[in-house]
């Protein structure tokens, strides 16, 4: 399938979303290639999170196409998109606080675990076997983000920085082709931000994975991303490599401000 | 039959009904005020089949449960997509509608006078076996991926959806499980009391089951069973206090909800050596539980 290989993983064409009279996202176009790390930056209210919500099917757009792995997923429900290999984290961390850290990650395998309600009720042998498998895979991801010793803790009781990592492990356990990270470094202290950058770039080089990253911290975006889209008031006002973005006068004026130079 | 055995059988039947509410309301967070109506369907359909149509008892019970599942599928399919507070209203309406049908179709059900002459076929041993089977089934579900999915959907439906869980599909399955268990409990009760009347299956009965689940601890199967046992036996125990017993009953519930908002057992589970392997990690008792309860407030605030 050489053609599939060359086709971009994700192609967004003319995506629009209005909330009442507000154009939260106005004609957004983007291409994400395989094994690419793409950033979306912009001031508050620029529509960044709305873009991620549209991509992951949290709500449907008003118009536009989202072609993911050769298929238009615009208008599909979240769980369908999740099953196709696009998972995400949330800006304000949405863990299952009442559940253990390990169970949080196991949730990613629920739709893949091959047993039905009746088999589960009767406790057939396939169930415990599948459960062991799921546990092993979930543990693997927890080890990868360095949380194995917290597996039995309640997710809601962990400190903020660790919760972010649990959410990352959960999203990775979905074994995505495309991972959407919504301000993953928000609320982290400077040391944690450094750890986070190392973690993401490590994961990125190990896994067959593309990432879309939304971030406020310029340092994170500039160091991690290959390509950056700059949003302002729902519109794309610039795109390019980190070097190009740093020098683009329109971008500097709209977002970075004078003092950045 | 001795007084204690009778109370025991009633308690066993209540626990079976409460198990459905435990999965549905406790774990999944769906407040159904129509669960008792499924119990009523189970009771009436099985009684009618045996008394009027001379169907053998075991087959009648199976058919009654299947009938409740059919009705449950229709009700669940139409109501589970709406918001959860409206779901409570819709199931309330469903429950009262079922009761109205039982009241009005006098020719079949005897109306408000009740349906008498049901043979007493639920023996204490049958009740005990049914109870053990029901607890075993629900425990297996609780510690499978379905149990996890329930909690995930209750805590954050959107996050669960993003992780590939079809929340509607899952809720429908859970709703059917609850309907089936309630209908089963209903069939057992009809053939124990030998008499059924619509007033037994109103929304207050559904609410009592929900109270029992929260009393024992919404995340704990042990708690649900304990809650059902205590609260159904409590009115009997409090008989000496005659007119005060309802007040005392309510006071005990208020105290529990106030001072142990996660229920008596929180998420603690009774476990034997062989079972502990199947326990969810982090379901520890003691300090850990109290800590988790204390921190739950913080987690809610950020939602």
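The values are calculated or read from the model by the stated rules, or taken from the named source; none is laboratory data. Everything numeric in this text was worked out from a predicted model, so none of it was measured. Methodologically, a virtual Cβ is constructed for each residue, glycine included, from the backbone with ideal geometry; neighbour enumeration extends over all protein chains shown.
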Review point. When residue A:169 is evaluated against the numbered criteria (1) touching a helix residue (DSSP H, G or I) at 6+ places or on another chain (Cβ under 6 Å); (2) in the same structural domain as residue A:246 (by TED's automatic domain parsing), which criterion, by number, is the only one it fails?
Key: (2)
Practice item. Go through the residues of segment B:89-109 one by one and say whether even a single one is touching a residue at least 40 places away in the same chain (Cβ under 8 Å), over 21 Å from residue B:35 (Cβ atoms) and not in a loop (DSSP other than H, G, I, E, B). Key: yes
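Consider residue B:168 carefully, then state whether it is crowded, with 22+ Cβ neighbours inside 10 Å and at negative phi.
Judged against the criteria, residue B:168 is not a match.
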Exercise for review: Go over the candidates A:80, A:119, A:71 one by one and state the one that is outside the structural domain of residue A:209 (by TED's automatic domain parsing) and either over 17 Å from residue A:168 (Cβ atoms) or surrounded by fewer than 22 Cβ atoms within 10 Å (Cβ to Cβ) (or both).
Suggested key: A:119
Practice item. Determine which single condition residue A:96 fails, assuming it passes every other condition in (1) in a helix (DSSP H, G or I); (2) facing chain B (nearest Cβ under 7 Å). Key: (1)
Review point. Can you pull out the residues in segment A:143-158 that are at negative phi and more than 11 Å from chain B (Cβ to nearest Cβ)?
Key: A:143, A:144, A:145, A:147, A:148, A:149
Exercise for review: Select from segment A:206-220 the residues that are at pLDDT below 90 and assigned to a helix (DSSP H, G or I) and write down the one among them that is farthest from residue A:40 (Cα to Cα).
Suggested key: A:219
Exercise for review: Name every residue in segment A:122-140 that is closer than 27 Å to residue A:182 by Cα and crowded, with 20+ Cβ neighbours inside 10 Å, in order of residue number.
Suggested key: A:134, A:138
**Study point:** Given (1) over 18 Å from residue B:209 (Cβ atoms); (2) in a helix (DSSP H, G or I), number of the condition residue B:1 does not satisfy
**Key:** (2)
Exercise for review: Working only within segment B:159-192, note down all residues that are assigned to a helix (DSSP H, G or I) and without any contact (Cβ under 8 Å) to a residue 24 or more places away in the chain.
Suggested key: B:159, B:160, B:161, B:162, B:167, B:169
Review point. Which of the residues spanning segment B:193-202 are assigned to a helix (DSSP H, G or I) and out of contact with any helix residue (DSSP H, G or I) (no Cβ under 6 Å at 6 or more places or on another chain)?
Key: B:193, B:199, B:200
Exercise for review: Specify the residue that is farthest from the chain's Cα centre (by Cα); the eligible residues are those in segment B:53-82 that are in contact (Cβ under 8 Å) with a residue 40 or more places away in the chain and more than 30 Å from residue B:167 (Cβ to Cβ).
Suggested key: B:57
Review point. Within segment B:232-252, can you find the residues that are under 21 Å from the mean Cα position of the chain (by Cα) and over 17 Å from residue B:4 (Cβ atoms)?
Key: B:249, B:250, B:252
Check your understanding: Right, residue B:152: within 14 Å of another protein chain (Cβ to nearest Cβ), buried (at least 24 other Cβ atoms within 10 Å of the Cβ) and part of a helix (DSSP H, G or I) or not?
Key -> yes
Practice item. Check segment A:31-53 and report whether any residue there is without any contact (Cβ under 8 Å) to a residue 60 or more places away in the chain, within 18 Å of residue B:157 (Cα to Cα) and either within 14 Å of chain B (Cβ to nearest Cβ) or in contact with a helix residue (DSSP H, G or I) (Cβ under 9 Å, 6 or more places away or on another chain) (or both). Key: yes
Check your understanding: What number goes with the only condition from (1) within 25 Å of residue B:101 (Cβ to Cβ); (2) free of Cβ contacts under 8 Å to residues at least 24 places away in the same chain; (3) part of a helix (DSSP H, G or I) that residue B:6 does not pass?
Key -> (1)
Point to revise | Residue pairs meeting the criteria (Cβ under 8 Å; at least 6 apart or on separate chains; first exposed (fewer than 11 other Cβ atoms within 10 Å of the Cβ), in segment B:230-259; second at pLDDT below 80) | key: B:239/B:245
Exercise for review: Search segment A:100-137 for residues being facing another protein chain (nearest Cβ under 8 Å) and not in a helix (DSSP H, G or I), and hand back the single one that is farthest from the chain's Cα centre (by Cα).
Suggested key: A:123
Check your understanding: Which is more than 30 Å from residue A:92 (Cα to Cα), within 9 Å of another protein chain (Cβ to nearest Cβ) and crowded, with 22+ Cβ neighbours inside 10 Å, of B:141, B:162?
Key -> B:141
Point to revise | Residue within segment A:186-199 that is surrounded by 16 or more Cβ atoms within 10 Å (Cβ to Cβ) and in contact with a strand residue (DSSP E or B) (Cβ under 8 Å, 6 or more places away or on another chain) present | key: no
Point to revise | Residue check, residue B:116 touching a strand residue (DSSP E or B) at 6+ places or on another chain (Cβ under 9 Å) and touching a residue at least 60 places away in the same chain (Cβ under 8 Å) | key: yes
**Study point:** Single unsatisfied condition, residue A:239 versus (1) surrounded by fewer than 17 Cβ atoms within 10 Å (Cβ to Cβ); (2) assigned to a strand (DSSP E or B)
**Key:** (1)
Exercise for review: Please enumerate the residues belonging to segment B:178-196 that are in contact with a strand residue (DSSP E or B) (Cβ under 6 Å, 6 or more places away or on another chain) and buried (at least 24 other Cβ atoms within 10 Å of the Cβ).
Suggested key: B:190, B:196
Review point. For segment A:159-168, does any single residue satisfy the condition of being without any contact (Cβ under 8 Å) to a residue 12 or more places away in the chain, within 13 Å of chain B (Cβ to nearest Cβ) and over 25 Å from residue A:78 (Cβ atoms)?
Key: yes
